[in-house]
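Step one of this worksheet: look at the structure below.
The values are calculated or read from the model by the stated rules, or taken from the named source; none is laboratory data. If you're wondering where the values come from, they're calculated on a predicted model, not measured in any experiment. Backbone-built Cβ (ideal geometry, glycine too); neighbour counts: all protein chains shown. What goes into the accessible areas is simple: the full protein's heavy atoms, side chains included, and nothing from ligands, DNA or RNA. Shrake-Rupley method; radii C 1.70, N 1.55, O 1.52, S 1.80 Å.
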Amino acid sequence: MIRRPPRSTLSSSSAASDVYKRQLHFYNFSSPQIPQMVVTDTENPFVPIPFTLMCWLELDSDMERIDQFLDTLPQYAQDVADDEAAQHSQYYTQMQQRQGQQSRSTDKNNAATNKKDKKDEDVILPPPPQGEACFGAAVKIASLILSESGGKVILTGSKLPTKGLGTIKVRDITKMYGVEAEEKNIYRPIDGFYPTIATECAKRQISFDLLMFANEYCELQTIGQLCHLTGGSQVLFRNYDPHYDTHRLHAAIDASLTQEAGYAAILRVRCSTGLRIKGYHGHFLSQDPHDMDLASVTGSSTFMVDLQHENVLDAKQHTYIQAALLYTTRSGRRRVRVHTLKMPICNTYVSLFRNLDLEACTFAVVKDAIHDVVNKGPTVARTNITDRILKLLTAYRRHCSTGTHSGQLLMPELLKLLPLFSLAIMKSDALVAGTMTPFDDRIQNIFDLLTMPSYRLLPFLYPRFYALHNLYAHTSVGVINPTNGAVLMPPLMQLTADTVMMYGVYLLHDQQARILYIWIGSQVTAKASMALFDCEDAKSVGSSVHFEQFSSRLQNIINYVISGPGAVSGGKDKMMIVHEGKDKGIEEAFFRNMVEDENFP
């Protein structure tokens with residue numbers, strides 16, 4: 001937890017730690033030994049007193065003590081694990097004693113009734129209670145601690161809340177996932193604790209950043225309300241692998257702690273006479289239809305505003321749109337930031353289509369599609385995307401075409417790629433047909449799409465795809481420009497399986513899965529293999545030849561794709577080497593990114 005300083009001062013922020021599993025653990029930083037304080041009541045949790053004197057550390061003056069605590073935290077976790085193991089051992093002992101008593105009682109009854117002796121049987125003990133998580137109690141405690149000052153909570157979890165306040169009963173999504181009449185219901189959060197506590201925290205200017213390390217279904221659409229209503233971030237690490245995912249974790253934590261941010265913010269959009277604000281879309285709390293209440297806002301926060309005509313606008317005049325943000329800086333200063341946009345008014349469809357923005361239109365398609373998913377289901381959402389594109393093209397042909405164009409498809413110059421990106425939206429993890437995508441991954445993808453800056457949206461939907469096998473013939477490709485640090489990249493390729501050849505080597509960056517694929521054909525020439533991997537046999541890549549042995553130009557290309565402009569994860573993504581015909585599962589995942597092909601996914 002991070003507590004903001006009072007607005008009247010310019011002091012630094014403070015940090016405290018609350019660890020939970022079956023019970024809540026607090027740490028007394030006023031003592032050099034940092035002893036634990038344990039709260040076992042998870043139904044009605046309370047804050048140890050005096051928390052303010054014992055548990056807060058200043059970020060500017062107490063960093064050494066914070067580092068010391070983080071170094072000892074694994075030992076505290078081991079103590080909890082040992083305690084749980086001891087409880088399991090005690091449980092088994094009690095169950096064995098109970099089984100022995102039942103067995104002796106049965107023997108006496110058999111002897112009394114002269115029944116035949118029974119054969120010895122293995123005693124099957126029921127499993128011990130599974131590891132419990134008082135996730136909801138930890139959320140409640142954080143809200144109590146920060147209720148007066150406001151602040152940020154970085155919340156981690158690894159399983160569904162199963163103990164105490166905020167316990168969630170698992171929904172049987174297998175009976176609803178993929179069933180058209182029922183599926184829309186599981187996209188909605190379970191009413192009760194989490195939407196309520198999220199609303200309370202947003203009103204108190206408390207934001208939550210959630211890092212979820214769950215390998216099983218964890219009801220992310222419900223606990224994610226903490227991030228949705230408070231303006232925080234949400235990252236799902238499925239099957240967390242320290243070798244590949246550590247960089248992603250560091251990037252997520254760095255963004256939470258160091259990214260320029262504002263708190264206790266109110267965002268309002270105004271417009272000229274003749275227009276009105278119809279609605280806002282994004283992650284925020286709305287207590288007033290004219291404002292967005294933001295417990296936290298960052299430079300990458302993204303919102304969408306719907307405008308509606310009220311009167312006829314004068315084409316000879318201009319219209320104005322103004323966004324005003326009132327917020328508090330990390331140092332406690334209260335500020336106002338205002339952006340005003342002046343735009344000409346047009347009265348013809350030709351002028352309108354000539355000035356449309358592809359990124360904004362794609363974001364609008366995403367917003368409408370997600371609204372349909374939650375309220376009508378993904379099947380209806382995919383159908384409505386197609387209908388909207390058809391209506392747009394029909395309007396353009398009817399109002400903007402000149403002469404006869406029999407059989408010719410007419411499209412606005414600036415929106416030629418909109419049907420392609422709409423297809424990519426329908427094939428994204430958020431809307432793709434079928435049940436192959438884990439449901440929590442769908443929810444995470446929906447969250448990403450709604451919070452992503454528009455300049456990152458297009459490569460997120462349509463992965464970057466490069467052919468690498470001709471690198472030896474183009475000596476400047478993959479070389480770093482010493483002036484600006486940019487790397488000259490190979491030309492982008494269409495995402496269709498027809499472009500993949502057996503003699504080729506291809507790089508594909510799937511930003512939705514945070515995976516960078518290198519697909520290696522079965523007939524790669526020794527010349528191409530030498531230029532790329534510094535070995536004559538490309539079949540050895542991934543087994544005896546690894547990234548460190550790759551050519552410097554290939555390493556430059558890979559690093560630039562992962563961390564260059566438009567990258568989402570902010571760090572090194574998981575790199576997968578795929579050999580043609582050998583890695584069926586991984587190769588299938590690679591070809592599912594070919595969004596232009598009818599059969600994929």
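Screening GLY478, GLY504 for residues that are of a type outside the set (Phe, Trp, Tyr) and at positive phi leaves exactly one candidate, GLY478. When the residues of region 420-473 are filtered to those that are of a type in the set (Phe, Trp, Tyr) and surrounded by fewer than 18 Cβ atoms within 10 Å (Cβ to Cβ), the one that is nearest to ALA360 (Cα to Cα) is TYR455.
Residues that are assigned to a helix (DSSP H, G or I) and open to solvent by 60 Å² or more (accessible area, probe 1.4 Å) within region 246-281 comprise HIS247, HIS250, ASP254, LEU257, THR258, listed in sequence order.
Of everything listed in (1) at pLDDT below 90; (2) surrounded by fewer than 20 Cβ atoms within 10 Å (Cβ to Cβ), the single unmet condition for GLN511 is (2).
If you go through region 21-38 and keep only what is in a strand (DSSP E or B) and either open to solvent by 30 Å² or more (accessible area, probe 1.4 Å) or out of contact with any helix residue (DSSP H, G or I) (no Cβ under 8 Å at 6 or more places or on another chain) (or both), you end up with GLN36, MET37, VAL38. Only one entry in SER529, SER476 is touching a Cys at 6+ places or on another chain (Cβ under 9 Å) and either part of a helix (DSSP H, G or I) or farther than 24 Å from GLU588 by Cα (or both), namely SER529.
Within region 21-74, the set of residues being of a type in the set (S, T, N, Q), modelled with pLDDT of 85 or more and within 21 Å of SER158 (Cα to Cα) comprises GLN23, THR40, THR42. The residue that is nearest to SER296 (Cα to Cα), counting only those in region 188-216 that are open to solvent by less than 10 Å² (accessible area, probe 1.4 Å) and in a helix (DSSP H, G or I), is ALA202. VAL505: β-branched (Val, Ile, Thr), touching a Ser or Thr at 6+ places or on another chain (Cβ under 9 Å) and crowded, with 16+ Cβ neighbours inside 10 Å, yes or no? Here the answer is yes, as VAL505 does meet what is asked. Among residues of region 43-53 being open to solvent by 30 Å² or more (accessible area, probe 1.4 Å) and of a type outside the set (Asp, Glu), the one that is farthest from ALA133 (Cα to Cα) is LEU53. Looking only at residues that are out of contact with any strand residue (DSSP E or B) (no Cβ under 9 Å at 6 or more places or on another chain) and not in a loop (DSSP other than H, G, I, E, B) in region 217-242, which one is most open to solvent (accessible area, probe 1.4 Å)? Selected residue: PRO242.
Listed here are the residues, each with its yes/no results for (1) touching a helix residue (DSSP H, G or I) at 6+ places or on another chain (Cβ under 9 Å); (2) modelled with pLDDT of 90 or more.
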site	(1), (2)
SER149	no, no
GLY157	yes, yes
THR162	yes, yes
GLY166	yes, yes
ILE173	yes, no
GLU180	yes, no
TYR187	yes, yes
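The residue that is surrounded by the fewest Cβ atoms within 10 Å (Cβ to Cβ), counting only those in region 136-180 that are touching a residue at least 60 places away in the same chain (Cβ under 8 Å) and farther than 30 Å from TYR327 by Cα, is GLU180. Screening PRO161 with (1) over 30 Å from VAL39 (Cα atoms); (2) in contact with a Ser or Thr (Cβ under 8 Å, 6 or more places away or on another chain) gives one miss only, at (1).
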